[in-house]
Amino acid sequence: MESRWLEDFLSLVDTRNFSRSAEARYTTQPAFSRRIKSLEDWVGAKLFDRTTQPISLTPSGERFRPVAEEVLRRLLQGREDARRVGETSANLIRFSATHSLSLTFFPNWIRSIEAKTHTFNIRLDSCQFNDCMQSLIKGESHFAISHAHPQVEMNLPPMHFTSKLVGTDRLLPVTLPDSAGAPLDKLPGTKEEPVHYLAYTETSAIGQAVEHMINNVEEPVYLDKVFVSQLAAVLKTLSREGRGMAWLPESNISEELASGSLVLAGGEKWFIPVEIRIFRSRERLPAMAEELWSILDGEAGPAELLSPENY
């Protein structure tokens, strides 16, 4: 059995799609499928039901999933621990954070902590939501920072991982204004004139929160999905160019809202409250990482991201 088979398995658990997982694992779909089949042969049971759309875990797959997560986590954590023995900077604290929070939240958040204590030696890797979580699971980072929502599955077993609330944000529907300052696209749209919708990819935490709201709102919503991206920054650029409406983190568009270059495409019922959380393994971290975590224990409350002076 090869360790990469476990990574393939967990990737397919996340995407439920062979072609997307093959792309994420930088291989062809036939090669990826063969590796999944090799893992199933080694386990001696079918792990995925390929007759459903999207594909789903079989009962055997459900039983095997926490085992795969734990084995891979311990293997990769052991590798990282061995690497750290030879690191010249044993006090380095490694963070992974989603792209939008790397730009809008992290710099001022860590600066506020250091202002009360001392300067930490930090490495920040900016990545997609799933990559942030995988970095934490693999032991490549001590902490992961991401938007969170009750309906978004973080795929972090609570017996092995924990989190703290460090900030709040809102996803706001925004669009380019017309010459009179009114929104070019206005929710909920109509069947004849649907709202041009700039969407997130299925693996985006923000995107999952938006899709849950769209699917559960009381009135019909008419959207024409004209563009899809994993990055809020890309959707913001396209929205400012008049390509359509997007739900963007308020922390990322305060200046645009203040200047009027973006305007709300709907009222408060279309706003989506989200949390900003920092995640970690329950296992003992290096001393400096544990010191930072203990500082968070003493924080009075989460950072607020709802006014421009906080950026």
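The values are calculated or read from the model by the stated rules, or taken from the named source; none is laboratory data. Just so it is clear, the structure is predicted and the values come from calculations on it, not from any experiment. Positions of Cβ are generated from backbone atoms using ideal geometry, with glycine treated the same way; all protein chains shown enter the neighbour counts.
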(message) Give me the helices (runs of 4 or more DSSP H) completely within region 1-69, filtered to those with at least 1 residues that are aliphatic (A, V, I, L, M) and farther than 21 Å from residue 133 by Cβ, ordered by residue number.
(response) 29-43
(request) Among residues belonging to region 253-280 that are part of a helix (DSSP H, G or I) and touching a Leu at 6+ places or on another chain (Cβ under 6 Å), point out the one that is farthest from residue 198 (Cα to Cα). (result) 256
(message) So residue 102 passes all but one of these: (1) part of a helix (DSSP H, G or I); (2) among the small types (Gly, Ala, Ser); (3) in contact with a strand residue (DSSP E or B) (Cβ under 9 Å, 6 or more places away or on another chain); (4) surrounded by fewer than 17 Cβ atoms within 10 Å (Cβ to Cβ). Which condition number does it fail?
(response) (4)
(request) Go through region 238-258 and count every residue that is farther than 20 Å from residue 169 by Cα and surrounded by fewer than 20 Cβ atoms within 10 Å (Cβ to Cβ). (result) 5
(message) For region 204-230: of the residues being without any contact (Cβ under 8 Å) to a residue 40 or more places away in the chain and among the hydroxyl-bearing types (Ser, Thr, Tyr), which is surrounded by the most Cβ atoms within 10 Å (Cβ to Cβ)?
(response) 229
(request) Scan region 244-263 for residues that are over 30 Å from residue 294 (Cα atoms) and either of a type in the set (Val, Ile, Thr) or touching a strand residue (DSSP E or B) at 6+ places or on another chain (Cβ under 6 Å) (or both) and jot them down. (result) 244, 245, 246, 247, 248, 253, 262, 263
(request) Could you tell me which numbered condition residue 201 fails, if it satisfies all but one of (1) in contact (Cβ under 8 Å) with a residue 40 or more places away in the chain; (2) closer than 17 Å to residue 146 by Cα? (result) (1)
(message) Can you pull out every residue in region 101-117 that is hydroxyl-bearing (Ser, Thr, Tyr) and within 18 Å of the chain's Cα centre (by Cα)?
(response) 102, 104
(message) With the requirement that a residue be within 26 Å of the chain's Cα centre (by Cα) and surrounded by 17 or more Cβ atoms within 10 Å (Cβ to Cβ), what does region 189-202 give you?
(response) 195, 196, 197, 198, 199, 200
(message) Can you tell me which residue is farthest from the chain's Cα centre (by Cα) among those in region 179-188 that are of a type in the set (A, V, I, L, M, F, W, C) and modelled with pLDDT under 95?
(response) 180
(request) Could you look through region 189-236, keep only residues that are among the small types (Gly, Ala, Ser) and in contact with a strand residue (DSSP E or B) (Cβ under 8 Å, 6 or more places away or on another chain), and pick out the one that is modelled with the lowest pLDDT? (result) 205
